[in-house]
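Below: one structure, written as structure tokens.
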Amino acid sequence: MRNKRIKKKYHLIAIYIKRVLKKLWKSIVYLLRLLKKFFKTVLLFIVKVFLYILHAILILLRVFWYIFQRIFLLSFILTLTIWLAWWLSQTPSLYRDWTTTEAILPEITFSGSNIEVKNVRNFTHTSTEEHIVNYYDEIYNLDEIESVYYIIEPFSDYDWPAHTMLSFGFSWDKYVTISAELRKEKWESFNPFLGLMNQYEIVYIVGDEKDLVKLRANYRKDIVRMYPMNATKEQIQSLFSSVMYRADKLTKEPEFYNTLWNTCTTSILRHVNTLRSDKISPFDEKVLLPSNSDKIAYNLWLIDTSLSLEEARSYYEINELSENFAKSEDYSQKIRREVK
């Protein structure tokens, strides 16, 4: 009897515990559902807040970008206007503190077939920067002119800049070289970007080959090619006169050098085009980057040679001759090769 009571008591306790646990489990499940709903609501709220903030940021960015574009555009227009005003206000001058090599310009007088030039440059160079200053006066008679040579000094083996010059020969074994060069002040050095900004003047240097050619071949150690040009005597006379008239004009009416349209090569081209009905474009890449400008001359039969272009480049390269005959009195005759 007692055992039955005890069993019944344990049974009731078990039922009670079971009910409690069942209620506890329901409470836990309910709590978990509440938590799930809460977190879901909170998460949705956070996502919505984040999206609102992101939307606001995007709107602000669009506003800032719009303002930045307007400010940038206005700044660009203002800067361009100031630059153009400054650029247009620049005027070329004959009177600055020039470097020695461009300080004295030729004085040219025309009298019939005679062209008298005072201050033909004839520096004796001892290095690329050191030289003994010397000038002489000379009279050039157009009736005695015989030949013209195109001289090119490439600055690299690629389609890059080069310096170009013309040299004229006369019947009395006299040669004169005309080189269009930028005129630098003593503190300046060449910069192609500044060459677009009206920062240099351009001048024609009338000089002796022992100066202008030897400087480049013997001291700067650049490749120098001297091509005989295919032209009649009348064409050579016209070309020489045209070059000398412009050389004289630049001593009285200065012009700015420009990296694109007023360089040594475009200057030569301007004179050559006066003799041609089919003009050569000054915007040809071989004119703008003239280390290969000899290719234009070759293709137009302006170079007096039957060689291929590569053969002509090698044959008319004068560096070795210039070194060998550097001190020769007849330097100009010695550096020339026979037409081939």
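Any read-out appearing in this document is the output of simple, stated calculations on the displayed coordinates, not a laboratory observation. Since the structure is predicted, the reported quantities are computational estimates derived from the model, not experimental observations. Ideal geometry is used to build each Cβ from the backbone, glycine not excepted, and the neighbour counts take in all protein chains shown.
A few points about this structure:
- For the stretch 210-253, the residues whose backbone nitrogen is under 20 Å from a point 7 Å from the Cα of residue 141, taken along Cα to Cβ, are 233-242, 244.
- Listed residue (226, 160, 35) projecting farthest to the positive dipole end of the chain, Cβ model: 35
- Listed pairs 186/214; 26/48; 184/210; 118/252; 252/327 exceeding 25 Å between Cα atoms: 26/48; 252/327
- Simple Cβ-charge dipole of the stretch 1-89, Lys/Arg +1 and Asp/Glu -1, about Cα centre, in debye nearest 20: 2440 debye
- Distance between modelled label sites at residue 71 and residue 58, nm, 7 Å Cα→Cβ extension: 2.4 nm
- Highest average first, the peptides 204-217, 286-299 ordered by how many other beta carbon atoms sit within 10 Å of their residues are 204-217, 286-299.
- Cβ-placed point charges (K, R +1; D, E -1), dipole of the chain about Cα centre in debye, nearest 20: 8660 debye
- Relative contact order [Cα under 8 Å, 6+ residues apart], the stretch 182-340, whole percent: 31 percent
- Working note: Cα gyration tensor of the stretch 1-89, eigenvalues times five, square-rooted, sorted largest first, giving semi-axes of 83, 8, 4 Å.
- Every helix of 4 or more DSSP H residues in the chain counts as -39500 (n - 2.57), and over all residues that averages to -15000 deg cm²/dmol at 222 nm.
- Percentage relative contact order, the chain, counting C-alpha pairs under 8 Å, at least six apart: 17 percent
- Peptides ranked, highest mean first, by Cβ atoms within 10 Å: ranges 237-244, 112-119: 237-244, 112-119
- Among the helices of the chain, those built from whole DSSP H runs whose Cα atoms reach 18 Å or more along their own axis and whose mean Kyte-Doolittle hydropathy is at least 0.5 are 2-89.
- Pair-distance distribution P(r) for the chain, from all Cα-Cα distances in 10 Å bins starting at 0: 5, 19, 24, 14, 5, 4, 4, 4, 4, 4, 4, 3, 3, 2, 1, 0, 0 percent.
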